[in-house]
Amino acid sequence: MGVLNVTPDSFSDGGEFFEPAAAVARAREMVAQGADIIDVGAESTRPGSAGVVPAEQIARLRDVLPAVAALGAAVSVDTASSQVAETALLAGAKIINDVSAGREDPGMFSLAASGGAAMVLMHMLGKPRSMQDNPRYRDVVAEVRGFLAERLAAAERAGVRRDRLIVDPGIGFGKLLEHNLALLAGTNALAELGRPVLVGPSRKRFIGELTGQAEPSRRVGGTIGACLAAWAGGATIFRVHDVAETVQALAVAAAVERAGT
Ligand code: HH2
């Protein structure tokens with residue numbers, strides 16, 4: 001899953017793909033590099049961010065979504081607003097990536113159900129504005145797993161088919177370094193929920209904390225390390241900015257695994 005941030009302020013690439021032409025060119029490049037899904041977002045959810053109203057998200061996405069949907073990869077829309085998601089589904093998106101897991105907008109599950117969309121349910125502790133203020137867990141893997149099980153059940157109750165749901169531990173969303181590492185190490189516990197596991201460690205702060213690399217765009221090696229660790233635990237969808245490098249790493253890891261079995 002290649003990340004396409006149509007935003008002026010995302011933490012690692014804000015402003016780079018804000019112009020529709022630049023956004024579509026970037027999506028084309030990521031598809032050529034092997035992305036099966038393009039995740040298009042118009043709202044940064046970086047720690048401390050305030051949120052973007054639906055009308056502004058729609059204005060940012062209007063010219064971009066149909067062109068990206070025509071490229072051949074599945075399109076996912078990164079939003080917690082059902083109004084934005086509905087516009088995206090009409091423009092050809094097939095997946096709703098909701099970092100609130102259906103908690104922010106009560107209309108999200110019914111939209112996914114009626115629109116026949118797949119949906120990513122992600123764990124987040126608190127809200128982006130304050131989520132990094134001293135997050136605490138007793139057993140982070142058990143708590144995130146319990147949350148995702150509860151959201152899977154809530155989505156199903158609202159009519160979303162279970163076979164359309166994807167779970168995500170929400171790396172960096174209300175988590176300290178130790179929490180992110182425990183969740184990557186515990187991917188197998190999340191895979192036991194019986195749904196595909198998506199991870200989004202790409203260029204995130206915990207990689208900087210581990211390696212001393214302050215510049216997000218230079219955290220590609222760390223991103224790949226995190227993806228391979230999650231892959232070993234059963235994750236199958238990797239939300240990354242650096243598609244070519246991640247596809248190459250996964251191809252080699254998968255080939256090695258096949259050679260050994
Ligand atoms: N991470 C970000 C945004 N959306 N969605 C899912 N499912 N999982 C994630 O880990 C995830 C996500 C944050 O990364 P990015 O889009 O690069 O930054 P920003 O929120 O600043 O736009």
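For the chain, the fraction of 1.4 Å probe accessible surface lying on carbon and sulfur atoms is 52 percent. Relative contact order, whole percent, for the chain stands at 16, derived from Cα pairs under 8 Å and 6 or more residues apart. Judged by the mean number of other Cβ atoms found within 10 Å, the most tightly packed of the peptides 125-132, 203-210 leads the ranking 203-210, 125-132. For the chain, the 222 nm mean residue ellipticity estimated from helices alone, with every DSSP H stretch of n ≥ 4 adding -39500 (n - 2.57) and the total spread over all residues, rounds to -12500 deg cm²/dmol. Between residue 56 and residue 209, the modelled label-to-label distance comes to 2.9 nm, taking each label 7 Å out from Cα in the direction of the beta carbon. Our summary of shape: the Cα atoms of the chain have principal axis extents of 43, 40, 39 Å, ordered from largest down, in whole angstrom.
The eigenvalues of the Cα gyration tensor, multiplied by 5 and square-rooted, give the stretch 30-106 an equivalent ellipsoid with semi-axes of 21, 13, 12 Å from largest to smallest.
In Å², what does the accessible area per residue of the stretch 2-260 work out to with a 1.4 Å probe? Write down the numbers at each step before the final one.
Values: 10960 Å² over 259 residues.
Roughly 42 Å² per residue, with all protein chains present.
Compute the FRET efficiency between residue 142 and residue 46 as 1/(1 + (r/R0)^6), taking r as their Cβ-Cβ distance and R0 = 45 Å, and round to the nearest 0.05.
0.95
Which three semi-axes in whole Å describe the equivalent ellipsoid of the stretch 142-194, each the square root of 5 times a Cα gyration tensor eigenvalue, listed largest first?
Values: eigenvalues 102, 24, 14 Å².
The equivalent ellipsoid of the stretch 142-194 has semi-axes of 23, 11, 8 Å.
The order of 236, 87 by accessible area, most exposed first and with a 1.4 Å probe, is 236, 87. Bridgeable lysines around residue 204 (alpha carbons under 18 Å apart, same-chain partners fewer than 8 residues away excluded): 127, 175.
A protection proxy built from the mean count of other Cβ atoms within 10 Å ranks the segments 96-106, 34-44, most packed first, as 34-44, 96-106.
Quick check: from the Cα gyration tensor, does the stretch 79-140 come out rounded (a/c under 1.5), prolate or oblate? Don't skip to the answer; put the middle values down first.
Details: a/c = 2.96, a/b = 2.36, b/c = 1.25.
It is prolate, given that a/c is not under 1.5 and a/b is the larger ratio.
Step by step: find N for the stretch 1-51, compute 2.2 N^0.38 Å, then divide the Cα radius of gyration by it. What's the final number? Intermediate values should be presented prior to the final figure.
On the way: Rg = 11.0 Å, N = 51, 2.2 N^0.38 = 9.8 Å.
Against the empirical 2.2 N^0.38 Å value, I get 1.12 for the stretch 1-51.
Rounded to whole Å, the principal axis extents of the Cα atoms in the stretch 40-185 read 43, 31, 27, largest first.
The values are calculated or read from the model by the stated rules, or taken from the named source; none is laboratory data. The shown structure was predicted, so the numbers you read here are calculated from the model rather than taken from an experiment. Using ideal geometry, Cβ is built from the backbone for each residue, glycine included, and neighbour counts are taken over all protein chains shown. The accessibility values were calculated without ligands, DNA or RNA, using every heavy atom of the protein model including side chains. Shrake-Rupley method; radii C 1.70, N 1.55, O 1.52, S 1.80 Å.
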